[in-house]
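Participant: One structure coming up, written as structure tokens, with questions to follow.
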Amino acid sequence: NNFFVLVSGAYYRSFYKGLDGVQRSTRYDGIYNSSYMGGKEFAFKNGSVLQLGVRGVLSGGLRYTPADSIASAAARAYVPDLNKIYAVQTPFYARLDLRIAYRKNMRRSNYTLALDVQNATARKNVREETFDYVTQKIAFTYQSGLVPVLSFQIDF
């Protein structure tokens, strides 16, 4: 019925051993990752198709080395605490994307006009810990919020 669903997931670990012989997590040791997709196509008699879709991503956050707050304040810059390399994990990453597209099928080619809305809920996913020069405090920076993407594609 022109409907699809795809669910995938993974459990993983990512470590390294430093020159000091200690095994530590890497930046990418998020532990889990999952993706959920679904969509529906509505076909019309003139050879065109309306596509509706949704995609969700849920994964463990990135690891980071926390700042040494006293040294950072004194240096007025981010100074990592080297006793805690990749010891802290950002909150989980979550994102919901939406899609609506119109595809026109012709004899030797087709075209698609689509609107994709990435991070449709405008969730603030943590990117990293930094030093805020204005407040002189440790703060988080965030990944992109809601991002609309309009596209036109021709296939021949």
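Participant: Which listed residue (Asn125, Pro66, Leu50) has the Cα farthest towards the positive end of the charge dipole for the chain, taking +1 on Lys and Arg C-beta and -1 on Asp and Glu C-beta about the Cα centre?
Facilitator: Selected residue: Leu50.
Participant: Now, a different point. Taking the convex hull of the alpha carbon atoms in the stretch 68-156, what volume per residue do you get, in Å³?
Facilitator: Residue-normalised Cα hull volume stands at 141 Å³.
Participant: Please state, rounded to one decimal and in Å, the Kirkwood hydrodynamic radius that the stretch 92-138 gives when every pair of distinct Cα atoms enters the mean of 1/r.
Facilitator: Values: mean 1/r = 0.0688 Å⁻¹.
Evaluated on the stretch 92-138, it is 14.5 Å.
Participant: In addition: Which whole-number percentage describes the relative contact order of the stretch 1-105, with Cα contacts under 8 Å and a sequence gap of 6 or more?
Facilitator: On the way: 222 pairs, mean separation 28.2, N = 105.
Rounded, it is 27 percent for the stretch 1-105.
Participant: Also, I was wondering about something else. Please report the orientation-averaged projected area of the stretch 1-86, defined via the convex hull of its C-alpha atoms, in nm².
Facilitator: In nm², the orientation-averaged hull projection of the stretch 1-86 is 9.8.
Participant: Something else: May I have the extent of the alpha carbons of the stretch 1-153 along their three principal axes, as whole Å values ordered from largest to smallest?
Facilitator: 69, 37, 25
Participant: Which value at 222 nm does the chain reach when only helices count, each DSSP H run of 4 or more adding -39,500 (n - 2.57), with the total divided by all residues and rounded to the nearest 500 deg cm²/dmol?
Facilitator: About -1000 deg cm²/dmol.
Participant: Taking Cα pairs under 8 Å and at least six residues apart, what relative contact order does the stretch 96-148 come out at, in percent? Present the calculation step by step, with values, prior to reporting the outcome.
Facilitator: On the way: 84 pairs, mean separation 17.0, N = 53.
Once normalised by length, the contact order is 32 percent.
Participant: Hey, can you rank 141-153, 78-90 by average C-beta count inside 10 Å, highest first? The partial results should precede the final answer.
Facilitator: Details: 141-153: 11.1, 78-90: 15.4.
Descending packing order for the listed peptides: 78-90, 141-153.
Participant: Placing +1 at every Lys and Arg Cβ and -1 at every Asp and Glu Cβ, with all other atoms neutral, what dipole size does the stretch 6-156 have around its Cα centre, in debye to the nearest 20?
Facilitator: Values: 20 positive and 11 negative charges, 130 e Å.
Rounded to the nearest 20 debye, it is 620 debye.
Participant: Expressed as a whole number of Å, what is the distance separating the alpha-carbon centroids of the stretch 105-156 and the stretch 82-103?
Facilitator: 12 Å
Participant: Could you work out the local net charge near Gly47, counting Lys and Arg as +1, Asp and Glu as -1, over the other residues with Cβ closer than 11 Å to its Cβ? Please list the in-between numbers first.
Facilitator: Details: positive: Lys45, Arg103, Lys104, Arg107; negative: none.
Summing Lys and Arg as +1 and Asp and Glu as -1 gives +4.
Taken together, the values in this text are just the output of simple stated rules run on the coordinates, not laboratory data. Quantities reported herein were computed from a predicted structural model and do not represent experimental measurements. Methodologically, a virtual Cβ is constructed for each residue, glycine included, from the backbone with ideal geometry; neighbour enumeration extends over all protein chains shown.
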